[in-house]
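We did not get these values from a lab; they are worked out from the coordinates using the rules stated. All values reported here derive from a predicted model rather than from experimental measurement. Please note: Cβ atoms are built from the backbone with ideal geometry, for glycine as well, and neighbour counts cover all protein chains shown.
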Amino acid sequence: MKKILFLTFITVLLSACSDVGNDLPDFHYEVLPIKEATIPASFELDETYDITIKYDLPNGCHSFHNLYYKHDDDSRIVAVYSLVQDDVACTEAIVTEEYTFQVKASQEEDYTFKLWKGVDDDDEDIFEEVVVPVTETPGS
């Protein structure tokens, strides 16, 4: 009886790990560099501003997934997460897209935007830094 239970357990375990009938899409994520950005020259404290970034989708298997926006003290690291479909035929056309997001100037210190540009030959991140000074709202 124990052998039958053991064999049944092993059969169920192996069939649960099988790819047969798995209709889930095959994909992964990649971080894409920022080509260029439109950022205001200065911020007024407590005001909200649009920032527009441009990035390239390297082929038809890539699509925008999300903005990578990480606070690091007074800096903001910005890049693009793309979803890459692995199980389809892709066009080779590079498509440039834009994404606009908002930033509220809530700190008195200057903002430093670190726009991710890729990696160098030593696999170190490359950033373009844009410093935006914060001014007080007139009359405060």
Percent RCO, i.e. relative contact order, over segment 86-140, from Cα pairs under 8 Å lying at least 6 residues apart:
30
Rounded to the nearest 20 debye, dipole of segment 25-110 from Cβ charges on Lys, Arg, Asp, Glu
240
May I have the extent of the alpha carbons of segment 23-117 along their three principal axes, as whole Å values ordered from largest to smallest?
50, 24, 20
